Amino acid sequence: MNLKTKGILAYLAIAFIPAWLYWTMVWLTGISGTDPIFQAAVLPGAFAPALACYIVRKWVTKEGFADAGLQLKLKKNWSYYLFAWLLPLAVTAIIIILASVFNLGQPDFTLQNFFSSLNLTDGKPETSENILFFLLPTLLIQAIVLATPIVWGEEFGWRSYLQIRLLADRPLLAAIATGIIWGIWHYPLIFMGYERYDNQILGLLIFTIFTILLSIIFGWLRLKTGSVWAASVGHGATNAIGGSLTLMLFSGSKNWMWVGYNGILAWIPLGIVCAWLIFTGKLQKNQSNQLSSN
């Protein structure tokens, strides 16, 4: 077994086993995926990929962190950061349009359904459609300040180790393979109800396609900027903006596997972005030269 293969196998073991064991313990406590404290409860497991990356680079392969993409490189790559930050907003807008056109769900711009689902002790607040004008800036800021540092732990592992080591000469296949593995890593959370799929078995397939599409986009951001932070911004914005907005706008929808950000309608805008990256050659091997400059 060569050192590269040894590193990949060690990474997968450390990324999966501690996370799955910890999430099993959370599940045994009875906390469900729809519980308000669920995200905080499962959060420690999300840092397993970062732990795996650190251990493998430091002690297994001893390759160090020269190509880990730890530098921000914002000045040179600000447009990619902006793209990563705002893409979920555009995807959400397209989901809203498609959901309405195909009669899969009507967004509740007053968010009354969402507040009702929270079972607030003081009752649901009176809101109007103007609430989104106040909410959007909050979500945009939250995506950078809060969500990006949190999901960095995942991106440091998936994008700054596995995706650049697995099939390194074939970035598209590396993205697809990483997307499948990344999706499988989330499966315990899906079975715990976190992704809110009514049909959890079908949800596994839907979510895996979702993570493949994201891996293509996040992998491109990682390779193009030479920084894991660009992919982290994209991941943070996906959760804080795309995930939060669709959850609030379509709360209680019977077609969540269609209208959720992790649902089928999202495949269309995300797929268009991926097709653009693929057919314009932006995922070609020569893009990986950014890694050498870290």
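The values are calculated or read from the model by the stated rules, or taken from the named source; none is laboratory data. Nothing here was measured: the structure is a model prediction, and the numbers come from that model. Every residue, glycine among them, receives a Cβ derived from its backbone with ideal geometry; neighbour counts consider all protein chains shown.
A few remarks follow.
- Within region 177-186, the residues that satisfy the criterion of being surrounded by 18 or more Cβ atoms within 10 Å (Cβ to Cβ) and in a helix (DSSP H, G or I) are Thr178, Gly179, Ile181, Trp182, Gly183, Trp185.
- All positions within region 154-183 that are modelled with pLDDT under 95 and in contact with a Pro (Cβ under 8 Å, 6 or more places away or on another chain): none
- Beta carbons closer than 8 Å, at least 6 apart along the sequence or on distinct chains, pair a first residue in region 93-115 that is closer than 12 Å to Ser128 by Cα with a second that is in a helix (DSSP H, G or I) and among the aromatic types (Phe, Trp, Tyr) for Asp108/Phe114.
- All conditions but one from (1) in a helix (DSSP H, G or I); (2) modelled with pLDDT under 95 apply to Lys124; the one that does not is (1).
- Exclusive hit being surrounded by fewer than 17 Cβ atoms within 10 Å (Cβ to Cβ) and part of a helix (DSSP H, G or I), set Leu223, Leu189, Leu205, Leu214: Leu205
- When the helices (runs of 4 or more DSSP H) confined to region 1-120 are screened for residues that are within 20 Å of the chain's Cα centre (by Cα) and small (Gly, Ala, Ser), those reaching at least 3 such residues are found at 48-55, 74-101.
- All told, Asp169 meets the bar of being in a loop (DSSP other than H, G, I, E, B) and farther than 22 Å from Pro36 by Cα.
- Residue satisfying all of: in region 167-190; aromatic (Phe, Trp, Tyr) and free of Cβ contacts under 8 Å to residues at least 60 places away in the same chain; farthest from Cys274 (Cα to Cα) among these: Tyr187
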